[in-house]
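Have a look at the structure below before the remarks.
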Amino acid sequence: MVTIYSTPTCVYCNSLKKYLTSHNIEYKEIDVSENEHELEKMVAISGQMGVPVVEIDGNVVIGFDRERIDELCGIKA
């Protein structure tokens, strides 16, 4: 399961979502700009206020770290 904590205006968030879609990776998006509870959860799991924060099968990735995301999602270059 892939969960992306994001905001609508985040360029990296939008790039990440396009990247995952291009590799047929399904994800759940959580807009933390409109949900304070989810924002608090994101900060609790990542220690970060910035987005994107990606949770992949319990692993937390800060930002659009393509190498780590590829590794966790099994995307081959």
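Each reported figure results from applying straightforward, stated rules to the coordinates on display, with no laboratory input. None of these values were measured; they are calculated from a predicted model. No Cβ is skipped: glycine too gets one built from the backbone with ideal geometry, and neighbour counts run over all protein chains shown.
Only aspartates and glutamates eight or more places from Lys28 in sequence, or on another chain, were considered; those with a Cα closer than 18 Å are Glu36, Glu38, Glu40, Glu55, Asp57, Asp65, Asp70. For the chain, the alpha carbon positions stretch 35, 23, 17 Å along the principal axes, listed from largest to smallest. Length available on full extension from Ile25 to Glu38: 0.36 nm per residue minus the Cα-Cα distance, which gives 2.5 nm. For segment 1-72, applying the loop criterion from DSSP together with a ceiling of 12 other beta carbons within 10 Å to the GluC sites (Glu not before Pro) yields Glu26, Glu34. Segment 1-40 and segment 51-68 have Cα centres separated by 10 Å. Counting only residues at least eight positions apart within a chain, or on another chain, the lysines with an alpha carbon under 20 Å from that of Lys76 are Lys17, Lys18. From its DSSP helices (H runs of at least four residues, each -39,500 (n - 2.57)), the chain gives a residue-normalised ellipticity at 222 nm of -12000 deg cm²/dmol. Restricting attention to the chain, close to 65% of DSSP beta bridges with both partner residues there are antiparallel.
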